[in-house]
1. Select from region 101-142 the residues that are at pLDDT 80 or above, surrounded by fewer than 17 Cβ atoms within 10 Å (Cβ to Cβ) and within 10 Å of the ligand (Cβ to nearest atom) and list them in ascending order.
2. So in region 68-110, with the set limited to residues that are touching a Gly at 6+ places or on another chain (Cβ under 6 Å) and outside any helix (DSSP H, G or I), which one is farthest from LEU55 (Cα to Cα)?
3. Of the residues ALA57, ALA145, which single one is at negative phi, assigned to a helix (DSSP H, G or I) and surrounded by 15 or more Cβ atoms within 10 Å (Cβ to Cβ)?
4. Looking at the structure I just gave you, is ALA57 closer than 30 Å to TYR151 by Cα and aliphatic (A, V, I, L, M)?
5. Among the residues in region 48-65, are any in contact with a strand residue (DSSP E or B) (Cβ under 6 Å, 6 or more places away or on another chain), outside the structural domain of VAL134 (by TED's automatic domain parsing) and either without any contact (Cβ under 8 Å) to a residue 40 or more places away in the chain or not basic (Lys, Arg) (or both)?
6. Can you tell which of ARG154, ARG97 is of a type in the set (Lys, Arg) and either touching a strand residue (DSSP E or B) at 6+ places or on another chain (Cβ under 7 Å) or at pLDDT below 75 (or both)?
Amino acid sequence: MVKELAELKRNDDGELLEESVLWFANRYGCLDQVGGYHNSLSSWDRFSRIFQQVLGALEVEDMKTAMDIYNNFPEPPEVSIGIVGNDFHGQHHRSIRIQPKTLISAMWLMVTDMFTNGVHLQSCENPGCQRWIVERSNKNTCSDACRQALYRKRKQGA
Ligand SMILES: [Zn+2]
């Protein structure tokens, strides 16, 4: 999803194509809540560019540049911060809970995750889908439906 936002199509002047933004919004939703600040086309443009730069730097394994771009972005989306925990046999376990409030803040957290765990993206292997997913050794499709579709296709081809 992050990669798809980064790769939104632009015209020769570098402006985002509206149809490309609509395609993404139809698929995943708006970046912000209804009436939210981050739904303007200029916000789409900024987030698309920043993700393009960060992913580009990650791709060539230039961690320092990627982190600088990410950390110095002037308007990172809002998250909700809380505390979760329980008391178990007199032991207190508390940790920070960070919850995304909007699609763009969820994506912002996904990018954070790429830095902290070295997560890589791959596209869903169902040829009709190719949605971007987090790379895992035991998973090559985005959903059960795609896993079954791929299985059926492979069976037909065999
Ligand atoms: Zn899929």
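1. PRO127, GLY128, CYS129, ASN140
2. Let us first name the residues in region 68-110 that are touching a Gly at 6+ places or on another chain (Cβ under 6 Å), namely 93-94, 97, 103.
Imposing the further condition that a residue be outside any helix (DSSP H, G or I) reduces the set to 93-94, 97.
Numbers: HIS93: 35, ARG94: 33, ARG97: 26 Å.
By that ranking, first place goes to HIS93.
3. Values: ALA145 fails: surrounded by 15 or more Cβ atoms within 10 Å (Cβ to Cβ).
Just a single option satisfies the conditions, and that option is ALA57.
4. Working: closer than 30 Å to TYR151 by Cα: no; aliphatic (A, V, I, L, M): yes.
No: the conditions fail for ALA57.
5. Step one: filter region 48-65 for residues in contact with a strand residue (DSSP E or B) (Cβ under 6 Å, 6 or more places away or on another chain), giving none.
Scanning region 48-65, I find no residue that is in contact with a strand residue (DSSP E or B) (Cβ under 6 Å, 6 or more places away or on another chain), outside the structural domain of VAL134 (by TED's automatic domain parsing) and either without any contact (Cβ under 8 Å) to a residue 40 or more places away in the chain or not basic (Lys, Arg) (or both), so the answer is no.
6. Values: ARG154 fails: either touching a strand residue (DSSP E or B) at 6+ places or on another chain (Cβ under 7 Å) or at pLDDT below 75 (or both).
The match here is ARG97.
Residue-wise test of (1) farther than 17 Å from GLU7 by Cβ; (2) in contact with a helix residue (DSSP H, G or I) (Cβ under 6 Å, 6 or more places away or on another chain); (3) within 16 Å of the ligand (Cβ to nearest atom).
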{"position": "SER40", "(1), (2), (3)": "yes, no, no"}
{"position": "SER48", "(1), (2), (3)": "no, yes, no"}
{"position": "GLN53", "(1), (2), (3)": "no, yes, no"}
{"position": "GLU59", "(1), (2), (3)": "no, no, no"}
{"position": "MET67", "(1), (2), (3)": "yes, no, no"}
{"position": "ILE96", "(1), (2), (3)": "yes, no, no"}
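The values are calculated or read from the model by the stated rules, or taken from the named source; none is laboratory data. Since this is a predicted model, take the numbers as computed values, not measurements. Note: ideal-geometry Cβ built from the backbone for every residue, glycine included; neighbour counts use all protein chains shown.
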